Amino acid sequence: MYGYTQPIFKLVISSINKQSKKMKKKFLNVLSVLMVGIMLLSCNSDGETNCPANFSGALITEEEPLVGEWVLSGVLSAKEIDLTDDDTDNPSKDIFVQYSDCEKDVVYIFKTDRSYTYELGRNAEDCDYTIPSKGTWQLRTNNLSLVTSCQLYITALEFNEDETEFSYSNVYNITEVDGSIVQTNIEFTYALVP
């Protein structure tokens, strides 16, 4: 009886090992193809990253009003939101009044050589989170294009009548003080420093 079951056991183990080896081989082949595909898609032929070109050249007439220093002056939400940790349920559409001094301290500086700087927390004291960002800019038909950190960002701006304020808006997911998430349109307004 031992002699009879042992070959069957060896046959089953041998069959399992063969199937396991085939599965491993198929898995490794698929994994290899995926890895090669990812490498080919993420690299170009010379091994360099493809970044958008910096903007250059003289400004056109419609761009001239944007030159200068612009400070964040308002943040409005389409829905009421409570961001203040004051143990009071006091949602508001005015997000700017709920911001800390550091969060309100946001500046864009657009220069005539097409360079720009974005700074968060540059003037307020004791800001834990400061962001300086630099790049180049272009404005065409009220679409502001920024090139920074190998990325191109395009934002539609709206100017007030005398071009001393601009605003832009987008839909964001905002986490309220109680942890709930609200999806709403947020409008940011910047004012030109005289």
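Here are some notes:
- Residue in the stretch 48-105 that is farthest from the chain's Cα centre (by Cα), counting only those that are of a type in the set (S, T, N, Q) and farther than 27 Å from Gln183 by Cβ: Thr61
- Residues in the stretch 116-133 include at least one that is of a type in the set (Val, Ile, Thr), surrounded by 12 or more Cβ atoms within 10 Å (Cβ to Cβ), within 18 Å of the chain's Cα centre (by Cα) and closer than 30 Å to Asn90 by Cβ.
- Residue check, Thr88 of a type outside the set (Gly, Ala, Ser) and touching a Lys or Arg at 6+ places or on another chain (Cβ under 6 Å): no
- Only residues that are of a type outside the set (A, V, I, L, M, F, W, C), within 21 Å of Lys93 (Cβ to Cβ), under 22 Å from the mean Cα position of the chain (by Cα) and not in a loop (DSSP other than H, G, I, E, B) were counted across the stretch 154-184, and they come to 10.
- Leading residue by the ranking (nearest to Leu59 (Cα to Cα)) among those in the stretch 134-153 that are part of a strand (DSSP E or B) and open to solvent by 30 Å² or more (accessible area, probe 1.4 Å): Gln138
- Applying a threshold of 7 Å to beta carbon distances and a minimum spacing of six or more residues, or different chains, the list of pairs starting in the stretch 162-182 at a residue that is closer than 30 Å to Pro65 by Cβ and among the polar types (S, T, N, Q) and ending at one that is open to solvent by 80 Å² or more (accessible area, probe 1.4 Å) and not in a loop (DSSP other than H, G, I, E, B) reads Ser167/Glu158.
- Within the stretch 161-183, the set of residues being modelled with pLDDT of 95 or more, polar (S, T, N, Q) and open to solvent by 50 Å² or more (accessible area, probe 1.4 Å) comprises Thr164, Ser169, Asn170, Asn173, Gln183.
- Residue in the stretch 81-97 that is most open to solvent (accessible area, probe 1.4 Å), counting only those that are polar (S, T, N, Q) and in a loop (DSSP other than H, G, I, E, B): Thr88
- The listed residue being modelled with pLDDT of 80 or more, of a type in the set (Gly, Ala, Ser) and open to solvent by less than 50 Å² (accessible area, probe 1.4 Å), out of Ser77, Ser100: Ser77
The values are calculated or read from the model by the stated rules, or taken from the named source; none is laboratory data. All figures in this text were calculated on a predicted structure; none of them were measured in a lab. Neighbour counts are summed over all protein chains in view; Cβ atoms, including those assigned to glycine, are modelled from backbone coordinates with ideal geometry. Areas reflect the complete protein model, heavy atoms only, side chains present, ligands, DNA and RNA absent. Shrake-Rupley method; radii C 1.70, N 1.55, O 1.52, S 1.80 Å.
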